[in-house]
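The values are calculated or read from the model by the stated rules, or taken from the named source; none is laboratory data. Every value quoted in this text rests on a predicted model; they were computed, and no experiment measured them. Neighbour counts are summed over all protein chains in view; Cβ atoms, including those assigned to glycine, are modelled from backbone coordinates with ideal geometry. Heads up: the accessible areas ignore ligands, DNA and RNA and are worked out on the full protein's heavy atoms, side chains in. Shrake-Rupley method; radii C 1.70, N 1.55, O 1.52, S 1.80 Å.
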Amino acid sequence: MQNRNKIYIICCLAMMSVVSCERDHLYYQTVSRDKVQFDIDWSKTNFAPESKGFDEDNQLNGVTIFAFDSATHKLVKELPPDANWQSPVVRLAPGTYDMILINDSREELPSIRFDMESPFEEFSAYTHADTVYADQPEYLAVSAVRNISFHPEKTEYDHDMPEGYYRDYIAQKISTVQKAVTKRINVKVYVKGMNYCKGMQRSYITGLAKSVNLVTRQPSKEEAVYGFNLVNREFRSSDYTEAVLTQSFNCFGFNEHKIGTGDKFELTINFVLVDNSIHTVEADVTEQFEQWYEEHRVDIDLDLDLDIDVNMEVELPPTIEKPVEAGGMSPETVPWNDIIQEIIL
């Protein structure tokens, strides 16, 4: 009898031990969360070292992502800039989202405004000026992706103790290609009679778009006047009578439906002559834009990062230098940026 009791006791202890071990595994509870990884191709932009527009002083610092609810099309979150600009990983609340990716952060693009209240399909970057846009937009490259789903968290149980309570994993890898929505305008003016010019005031160009849609990458029909300083000077003659003035700046391009409609692109240049008078030259450069468009229509369809060159010639009138009288006002000018060309003999 005593032996039988001992056997019962041993069996009970063994069963309790087994049950205790199985229940202990229930404490190894984890929550799995899916994430999305973007594989971003920047090779079509000026951030690629092999690009002709690559600037070592303006390299890519990160990527910012705007997430829109796919059902309501409203912006629900602007994710903090991610320094991992090649393959950022994103986790959002359960739901389906449309997303727009841009280079750097909004703080690093101070001359560009983003329409944060607009729906996904109308999300735009625009100039903040109502009339003249004096601060040219920084270089901007974007891409848009749709219908990215994030699933609810799942509770799981593990036999072995996990490293942490949350277990994150990459549920999707999405490839996207960044492309520029800003265009670079290169203005070059060949000037005869440069010895009659003492300085420059701001120059202007019309016909360029005020904003650009970041989903379709299409410039707006609404236009802005872009102001710029034409002060890069390179003399082309030993007597300083001939020179080339240049300046480059970014814009949001132009709406292609403008071509052939009779709307003009006009360039206005303001020279300050040695007699302190303002000599204004106005030129219709529509033909140059139309020619550029016809030559690059195929390239535009491919969204290549192409500059637009605007060239013209000016001959200044002979002028006698006139000193400023005491108490008189001299026209304000923008300082020259002289380009010294080294001649190798």
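Odds and ends about this structure:
- Summed over the residues of region 253-298 and divided among them, the accessible surface reaches 51 Å² per residue at a probe radius of 1.4 Å.
- Residue 265 long-range amide H proximity, modeled H, under 5 Å: 285, 286
- Sorting 72, 182 by accessible area puts them as 72, 182; the probe is 1.4 Å, largest comes first, and only protein heavy atoms count.
- Accessible carbon and sulfur surface of region 151-266 relative to its total accessible area, %, 1.4 Å: 44
- Rg/Rh (Cα only; Kirkwood hydrodynamic radius) as it applies to region 128-284: 1.29
- Over 20 Å apart at the Cα level, from the set 77/221; 44/188; 210/258, are 77/221; 44/188.
- Stokes-Einstein D (µm²/s) once Rh is taken as the Kirkwood radius of region 71-122 over alpha-carbon pairs, at 4 °C in 1.567 mPa s: 101
- Amide H to amide H, with H built 1.01 Å from N, residue 200 comes under 5 Å of 272, 334, counting only residues 5 or more places away or on other chains.
- Solvent-accessible ranking of 248, 211, 203, largest area first, probe 1.4 Å: 248, 211, 203
- Prolate/oblate/rounded label for region 30-144 (Cα gyration tensor, a/c 1.5): oblate
- Loop chymotrypsin sites (Phe, Trp or Tyr not before Pro), region 217-266, which have at most 13 other Cβ atoms in a 10 Å radius of their Cβ (DSSP): 240
- Whole-Hz ³J(HN,Hα) from phi, Karplus 6.51 cos²θ - 1.76 cosθ + 1.60, for region 235-247, glycine and proline x: 6, 10, 9, 5, 8, 6, 9, 10, 7, 10, 9, 9, 6
- HN-Hα J in Hz across region 196-204 - Karplus 6.51, -1.76, 1.60, θ = phi - 60°, x for Gly and Pro: 8, 10, 9, x, 10, 10, 4, 9, 9
- Modelled this way, with points 7 Å down the Cα-to-C-beta line, the labels at residue 222 and residue 128 are 1.6 nm from one another.
- Mean separation of Cα contacts under 8 Å, 6 or more apart, over the residue count of region 66-112: relative contact order %: 42
- Taking all protein chains into account, the per residue accessible area for region 55-149 stands at 48 Å² (1.4 Å probe).
- Listed values for region 113-119 are Karplus-derived 3J(HN,Hα) couplings in whole Hz (6.51 cos²θ - 1.76 cosθ + 1.60, θ = phi - 60°), namely 9, 10, 7, 6, 8, 7, x, and x replaces Gly and Pro.
- Region 175-316: relative contact order as a whole-number percent, Cα under 8 Å and 6+ apart: 36
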